[in-house]
Amino acid sequence: MSAPAWTYSKGLHDLGDGCYAYLQPDGSWGWSNAGLVVSAGESLLVDTLFDLKLTREMLDTMRRAEPKAAARIGTLVNTHSNGDHIFGNELVAGAEIIASRACDEEMRHDGGAGRLADFKRHAAAMGEAGKFFAEIFAPFDFEGINVAMPTRTFGGELDVPVGDKTVRLIEVGPAHTKGDVLAYVPADRVVYTGDILFVGGHPIIWAGPIRNWIKACQLMLDLDLETVVPGHGPITDKRGVAAVKGYLEYIEREARKRFDAGMPAADAARDISLADYASWGDAERIVVNVATLYREFSGGAAPMPSIAELFSLMAELRRNRRTGA
């Protein structure tokens with residue numbers, strides 16, 4: 001079935017032959033997707049959600065759809081280390097948790113849900129950055145989360161059996177984060193991309209290099225694929241992959257021009273036209289993308305702004321775009 005047949009609605013979508021996508025519109029900050037693959041009574045979950053309530057609701061929905069295979073999920077794959085893909089891990093009790101080695105390292109050193117809970121508690125004291133942080137993460141509850149860590153790690157590729165089929169894990173990071181992974185189901189021509197793909201929203205480059213991300217998009221374009229489940233946004237096909245690849249190539253070119261001209265990163269983020277992507281959400285992420293690209297272009301010499309500085313600049317850009325300033 002082709003991608004246009006899928007509606008972008010909250011909940012579990014049956015992709016056919018034991019593959020499912022769990023979607024959370026509108027796909028903006030924290031509203032991520034997940035996947036489920038079942039075969040011969042076995043199951044593999046791709047990612048959990050941003051808090052325990054959301055993850056519990058998702059798991060309950062999956063168990064209603066697949067009461068035998070999803071009653072006890074045997075394998076959980078974390079596509080990367082961002083909280084909106086891992087914070088519900090503890091609810092998948094007894095599962096083998098698989099991630100890339102780089103993802104595992106990030107998960108163990110980034111402060112987890114406690115760090116975000118602390119940010120939310122002190123947001124009022126963080127000025128514009130805190131106000132923006134509090135606004136976008138208001139729907140999520142980070143208190144009392146104890147993130148279950150990977151029990152198995154890999155590098156490169158790993159084939160994971162699920163009943164009568166195979167899920168091929170392909171490490172494509174560092175890109176969005178240091179340890180991004182695709183979960184590809186060759187028999188069903190389905191791929192779960194994690195945050196290598198944002199559909200209808202601007203990607204955010206926390207790690208880079210951008211060429212790795214562009215290569216990951218090309219890899220998907222070269223695969224035998226019909227259905228693409230992004231980390232955020234509606235189900236798509238190769239057209240969605242091509243759109244993200246084009247965006248990345250565009251901002252790399254535009255940021256490079258401004259870097260070579262000596263324009264500061266913050267000014268470049270304000271200056272780059274996003275008119276061709278006016279329908280995409282979260283345009284303020286250009287701030288992070290340009291800062292990461294400048295660090296890359298400089299060979300690491302250009303300092304990366306702090307999280308507080310990045311959120312402050314994103315808040316300013318978001319406000320100015322809304323008011324037309």
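The selection criterion, being at pLDDT below 95 and either loosely packed, with under 14 Cβ neighbours inside 10 Å or not β-branched (Val, Ile, Thr) (or both), holds for Ser312. Across segment 90-112, the qualifying residues are those that are outside any loop (DSSP other than H, G, I, E, B) and without any contact (Cβ under 8 Å) to a residue 60 or more places away in the chain, and the one among them that is surrounded by the fewest Cβ atoms within 10 Å (Cβ to Cβ) is His109.
I'm trying to understand the selection: among the residues of segment 113-141, which are farther than 20 Å from Gly194 by Cβ and assigned to a loop (DSSP other than H, G, I, E, B)? If the condition is that a residue be farther than 20 Å from Gly194 by Cβ and assigned to a loop (DSSP other than H, G, I, E, B), then His122, Ala138, Pro139, Asp141 are the ones that fit. Of all residues in segment 211-256, those satisfying the criterion of being within 24 Å of Asp26 (Cβ to Cβ), of a type in the set (Gly, Ala, Ser) and more than 15 Å from the chain's Cα centre (by Cα) are Ala242, Ala243, Gly246. When segment 51-72 is filtered for residues that are hydrophobic (A, V, I, L, M, F, W, C), outside any helix (DSSP H, G or I) and surrounded by fewer than 19 Cβ atoms within 10 Å (Cβ to Cβ), only Ala71 remains. Residues in segment 269-290 that are surrounded by fewer than 19 Cβ atoms within 10 Å (Cβ to Cβ) and in contact with a Lys or Arg (Cβ under 7 Å, 6 or more places away or on another chain): Asp271, Ala283. Within segment 182-193, residues that are more than 10 Å from Arg168 (Cβ to Cβ) sit with their Cβ atoms under 6 Å from residues that are hydrophobic (A, V, I, L, M, F, W, C) and not in a strand (DSSP E or B), at 6+ positions apart or across chains, in these pairs: Arg189/Leu225.
Check segment 11-19 and report whether any residue there is in a loop (DSSP other than H, G, I, E, B) and either among the small types (Gly, Ala, Ser) or at pLDDT 95 or above (or both). Checking segment 11-19: at least one residue is in a loop (DSSP other than H, G, I, E, B) and either among the small types (Gly, Ala, Ser) or at pLDDT 95 or above (or both). Inspection of segment 172-189 identifies at least one residue that is within 21 Å of Ser32 (Cβ to Cβ), in a loop (DSSP other than H, G, I, E, B) and of a type in the set (S, T, N, Q). Taking the condition surrounded by fewer than 22 Cβ atoms within 10 Å (Cβ to Cβ) and under 18 Å from Cys19 (Cα atoms), does Val147 pass? Judged against the criteria, Val147 is not a match. Summed over segment 173-193, residues that are crowded, with 23+ Cβ neighbours inside 10 Å and under 22 Å from Ala291 (Cβ atoms) total 6.
From the set of residues in segment 140-190 that are touching an Asp or Glu at 6+ places or on another chain (Cβ under 7 Å) and among the basic types (Lys, Arg), which is nearest to Arg285 (Cα to Cα)? This residue is Lys178.
If you go through segment 142-158 and pick out every residue that is of a type in the set (A, V, I, L, M) and not in a loop (DSSP other than H, G, I, E, B), you end up with 1. Of the residues in segment 37-48, not one is in a loop (DSSP other than H, G, I, E, B), among the aliphatic types (A, V, I, L, M) and closer than 28 Å to Ala117 by Cα.
Out of curiosity, is Leu293 surrounded by 12 or more Cβ atoms within 10 Å (Cβ to Cβ), at pLDDT 95 or above and not polar (S, T, N, Q)? Criteria met by Leu293.
The values are calculated or read from the model by the stated rules, or taken from the named source; none is laboratory data. What you see is a predicted model, and the numbers here were worked out from it, not measured in a lab. Neighbour counts are summed over all protein chains in view; Cβ atoms, including those assigned to glycine, are modelled from backbone coordinates with ideal geometry.
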